[in-house]
Amino acid sequence: MNAVQWWCSARGVSWEWKWQPYPGVWLFVAVLAGIYWWLARRGGEPEEGRESRAMHSGRAVAAVLGIVSLWLTLDWPVGTMGAGYLAGVHAIQFVMLAMVVPPLLLLGIRPAALERLAAHRGWLGFVRLVTTPLLAMVLFTAAMVITHVPRVVDRLMASQPGSFVLDMAWLLSGLVFWWPLMVRVPRRARFVPPLRMVYLFFGTLAHVFIAMWLLLSPFPVYATYELAPPFPFPGLDPLIDQQVAGGVMLLVGSPLVLVAISIIFFRWLGTGEERPRTGPGTSSTGSTPTSAAAIGGGASAG
Amino acid sequence: MQQYASLFRRLRPGSGRSSPARLALAVAVALATLSVACASPAPAADHAAAERGYRGVMLPAPVEKPATVLTTTSGEPYDLRERTRGQVTLLFFGYANCPDVCPVHMANIATVLQRMPYDQVQRVTVVFVTVDPERDTPEKLRPWLDRFDPRFVALTGDTATLNAAQRELGVSPAVREEVGGASGYAMAHAAQVYAFTRDGLAHIVYPFGTRQADWAHDLPRLVEEGWGATPAASSRSGSTPDGSTPAVEGGGTGAVVTGGGR
């Protein structure tokens, strides 16, 4: 009855609590984990004065958390429910793929890997361009808006490649958006904490409007969920499900942004980071041996 | 796409001073174009129905309400024509074990009715006729329908009567299909809801895929302005409503579902 799918998509069949394999998800997560493992092996042990052992372990934990979160978000049952049955679960996937997994994955990148990136002019140029805050913000906002247009969602969710594109759009645009905040390669001396807070606020503003639109729409906006075989959960009609989706985006996504803004603010207050270092010598083009940093830059080893 | 390619070439790293603002603009335009290209066209609206301001699918010729007497879940006879005379009647043939089409139709109609003004709701009767009398016993069918709206009429009957009623509508009688598993079998049945207006005729049907917004748009119109709502309109009974191009061939047989997919 249930042919194997490689990626979760809407199928129009009744929900059943029966495990389904998604080889595409496993392959994707395995490749990502392999890349992190390879980078970790090449990075070697932390050196004195370069990065503390605690930071080193913290990065490993962040990488593992990011990869595990990604896997849980895409695989059965969350992936299956979100793809074809419940808009609320789809919203959880959005928050995870765009707001939680990217910062964890970026935080998990070892400084040694970033130094190698900084030494490679071609890659560095590409990364510098794509993660320019203005462009990153436009990309993230555009991805958020486009991937919530009903006709786009309904069309993409109906096929495995389309569903894959939707998930990747969230993950990749999330990585691009969070990169300037989490990673100091290339170094952007003028992207000071107040600008970072403004960046976070305006970069995630679209999702507040999308959440409000979902909450206040008088009818279900996505045919995928409205016409899906009913999910066996009493009282959960498509409109309530949609309101749950809006609530998840607003009540989970927005606090995450507020927490991130708070971290930047208090680190800025506490360390005076960036202010004494805005001289011309710091407007690096990327050749400065620097490393990843947590939000606000307090963890920079550069 | 040529213009975007050349723009990206000019802006790529190492090809001179790139402007993030220009690139951001180019990306935004490209993404907007992509989203428009990606978006499927709006569902093909039925022209004949759309011309009259409806979102359903216009039948090539109106269909009379079946002259049938079925049985309610409390065991009383129910003369469909007599009991629904003068009412906007939404008639659907389905079954309680149906995994997708039937519950979605019933849920969407129920949700919309809950939001309509009381005086309009009073003029609408929803009739659900089982095509699976063997499993849809009164003890099972009534509670199932009550989950959506206790006002919905649940009818059953013997197979011959049920088949005759479906044939009167111009649809093939539902047939049993073995699917195995716990459910045993599914019923392949017509997936559209017939909307009978006050003239006792169905001019429009609502196939599977009809959204709540469509019901909310059409139901008040069917009640207030539909055929039979005025003497002038009801005088057209029995004829093609407006002579426009038929949208559904074969008497509006429409989609037939087995209850196993969309």
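The values are calculated or read from the model by the stated rules, or taken from the named source; none is laboratory data. Since we're looking at a predicted model, the values are computed, not measured. Cβ sites come from the backbone with ideal geometry, for glycine too, and all protein chains shown count toward neighbours.
For the stretch A:109-205, which helices (runs of 4 or more DSSP H) that fit wholly inside it have 1 or more residues that are surrounded by fewer than 18 Cβ atoms within 10 Å (Cβ to Cβ) and among the small types (Gly, Ala, Ser)? Steps first, answer last, please.
Working: elements: A:111-119, A:121-130, A:133-146, A:150-157, A:160-182, A:193-203.
Per the criteria, A:111-119, A:121-130.
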If you take the residues in the stretch A:143-184 that are of a type in the set (A, V, I, L, M, F, W, C) and in contact with a Pro (Cβ under 6 Å, 6 or more places away or on another chain), which one is farthest from the other protein chains (Cβ to nearest Cβ)?
A:Met182
Pairs only if they're at least six apart or on different chains, beta carbon under 7 angstrom, first in the stretch A:66-81 and closer than 17 Å to A:Ser163 by Cβ, second crowded, with 18+ Cβ neighbours inside 10 Å and charged (D, E, K, R); list them, first residue then second.
A:Leu74/A:Asp167
Tally the residues that are away from chain B (no Cβ under 14 Å) and either surrounded by fewer than 19 Cβ atoms within 10 Å (Cβ to Cβ) or over 26 Å from the mean Cα position of the chain (by Cα) (or both), restricting the search to the stretch A:206-243.
6
Restricting attention to the stretch B:178-191, and to residues there that are buried (at least 19 other Cβ atoms within 10 Å of the Cβ) and within 14 Å of chain A (Cβ to nearest Cβ), which single residue is nearest to B:Gly56 (Cα to Cα)?
B:Ala191
By my count, strands (runs of 3 or more DSSP E) wholly in the stretch B:49-108 with at least 1 residues that are over 21 Å from B:Pro220 (Cβ atoms), of a type outside the set (Phe, Trp, Tyr) and away from chain A (no Cβ under 14 Å) are B:57-64, B:69-72, B:77-79
Under 9 Å between Cβ atoms, which residue pairs at least 6 apart in sequence (or on different chains) link something in the stretch A:1-29 that is closer than 16 Å to A:Tyr225 by Cα with a partner that is acidic (Asp, Glu) and part of a loop (DSSP other than H, G, I, E, B)?
A:Cys8/A:Asp75; A:Gly12/B:Asp100; A:Val13/B:Asp100; A:Ser14/B:Asp100
When only residues in the stretch A:39-74 that are at pLDDT 90 or above and surrounded by fewer than 19 Cβ atoms within 10 Å (Cβ to Cβ) count, which is nearest to A:His90 (Cα to Cα)?
A:Leu72
Please determine whether any residue of the stretch A:151-161 is under 17 Å from the mean Cα position of the chain (by Cα), modelled with pLDDT of 95 or more and not hydrophobic (A, V, I, L, M, F, W, C).
no
As an exercise: evaluate A:Trp76 against (1) farther than 20 Å from A:Cys8 by Cα; (2) more than 9 Å from chain B (Cβ to nearest Cβ); (3) out of contact with any helix residue (DSSP H, G or I) (no Cβ under 7 Å at 6 or more places or on another chain); (4) among the aromatic types (Phe, Trp, Tyr) and give the number of the one condition it does not meet.
(1)
What number of residues within the stretch B:109-148 are within 14 Å of another protein chain (Cβ to nearest Cβ), crowded, with 18+ Cβ neighbours inside 10 Å and not hydrophobic (A, V, I, L, M, F, W, C)?
1
